[in-house]
Amino acid sequence: MGEKLLELKDLSIDYKIKDGYLSAVNKVNFTIDRGEVFAIVGESGCGKSTLAHSILRLLPGGNEIVTGEIHFKDEDLTLVDQERMEHVRGKEIGMIFQNPLDSLNPVFRVGDQIEEALLLDDMSEEDAYKRVIELFKDVKMPDAEERAKSFPHELSGGMRQRVMIAMMLSRNPELLIADEPTTALDVTIEAQILEILKQMKKEFNAAIMLITHNFGLVAEIADKIGVMYAGEMVEQGDVFEIFENPQHPYTKLLMKALPSGTKNDGRLQTIDGSVPRITEKKPECRFANRCPLADEKCRTENPPMEWISDTHYCKCFHLGEEEK
């Protein structure tokens, strides 16, 4: 057990909508230790990004109801004032957003945007510029000095992602939240981004919360994995345990949907249906409408959290059962 850095306790997020409330995240619990990589996987619409944004209190719209606790080091971030949160963002917790082109200001050069963050720490402009170039070299940006003078639209997707990582690293945060850091990148650039994340973990002992659809990325870098479905963490554990012994039907179906790389596989496994919009919290398993093992009990009772080992738990009534 390492030093606990982040702990979520029964975190729930509900959005006000026209006809009531939309349950985006429901009673999620997990911890991330210093120097650990925790990966969160699941289909689009499962609440992964909402969870990440809630940690930095960046949920859009202002119509959310947040309950539960978000403990970062020795304080609950749901209770601190806005001034304290502004210090936490970037300085103590950094975030790579899902689409770097949307996250970068189109009218400022990328070097100036990173320099702006460094100037907040009372660094001189000369030192800040030198630090920007160092950061660009750290993230393997080609022609670092020239690229620092570029506008976002002049850079490729891989270069923009490097800018975001450099920006996140600029103030040496203790926790890095990476929301789909390799989406839309080719496999060569993806491998380079992966190496950068590994280096960050090694050099700074930083904890990383990785949100991804890419199980290959998870297997390569993660220490622990959490599987989300319809706002709930349905299975969580050591990455090797989950890959070798998945227990929840949803996790098993996600694994079966992965291409194995042989040409004789035929069509990939699919999961019928889609992630539901939960507008009414009922005593039921949220995966019941798509689960091949679902019975009447699944549709009328909340499944308990069952511990498979000291580091692996699952919420399901049908542990150990196989599809008939």
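Some points to look at:
- The sole residue among Gly2, Gly35 that is at pLDDT below 90 and touching a Gly at 6+ places or on another chain (Cβ under 9 Å) is Gly2.
- The sole residue among Glu43, Glu75 that is assigned by TED's automatic domain parsing to the domain that holds Glu220, within 20 Å of Pro181 (Cα to Cα) and among the acidic types (Asp, Glu) is Glu43.
- Unique residue being farther than 26 Å from Lys73 by Cβ and of a type in the set (Gly, Ala, Ser) when the list is Ala191, Ala206: Ala191
- One residue stands out in segment 295-324 among those that are without any contact (Cβ under 8 Å) to a residue 12 or more places away in the chain and within 24 Å of the chain's Cα centre (by Cα): the one that is surrounded by the most Cβ atoms within 10 Å (Cβ to Cβ), namely Met305.
Residues checked against (1) in contact with a strand residue (DSSP E or B) (Cβ under 8 Å, 6 or more places away or on another chain); (2) touching a residue at least 40 places away in the same chain (Cβ under 8 Å); (3) of a type in the set (D, E, K, R):
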site	(1), (2), (3)
Gly157	no, yes, no
Arg162	no, no, yes
Asn172	no, no, no
Leu175	yes, yes, no
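- Candidates Ala144, Ala191: the one that is outside the structural domain of Ala52 (by TED's automatic domain parsing) and either of a type outside the set (D, E, K, R) or free of Cβ contacts under 8 Å to residues at least 40 places away in the same chain (or both) is Ala144.
- Filter result for the condition that a residue is out of contact with any strand residue (DSSP E or B) (no Cβ under 9 Å at 6 or more places or on another chain), among the hydrophobic types (A, V, I, L, M, F, W, C) and under 30 Å from Glu36 (Cα atoms), over Leu319, Leu258, Leu217, Leu293: Leu258
- Under the condition of being under 18 Å from Val41 (Cβ atoms) and at pLDDT below 80, the residues counted in segment 186-228 number 2.
- Checking each residue in segment 163-179 for being of a type in the set (D, E, K, R) and open to solvent by less than 10 Å² (accessible area, probe 1.4 Å) picks out only Asp179.
- Scanning segment 126-143 turns up at least one residue that is out of contact with any Lys or Arg (no Cβ under 6 Å at 6 or more places or on another chain), among the β-branched types (Val, Ile, Thr) and surrounded by fewer than 19 Cβ atoms within 10 Å (Cβ to Cβ).
- Residue selected from segment 149-173 under the condition small (Gly, Ala, Ser) and assigned to a helix (DSSP H, G or I), by the criterion modelled with the highest pLDDT: Ala166
- Those strands (runs of 3 or more DSSP E) lying entirely in segment 1-54 with at least 2 residues touching a residue at least 40 places away in the same chain (Cβ under 8 Å), in contact with a helix residue (DSSP H, G or I) (Cβ under 9 Å, 6 or more places away or on another chain) and more than 19 Å from Arg277 (Cβ to Cβ): 4-17, 37-41
The values are calculated or read from the model by the stated rules, or taken from the named source; none is laboratory data. Given the structure is predicted, the values throughout are model-derived calculations rather than measurements. Glycine gets a Cβ as well: all are built from the backbone with ideal geometry, and neighbour counts include every protein chain shown. Note: accessible area is taken over every heavy atom of the protein model, side chains too, but ligands, DNA and RNA are not part of it. Shrake-Rupley method; radii C 1.70, N 1.55, O 1.52, S 1.80 Å.
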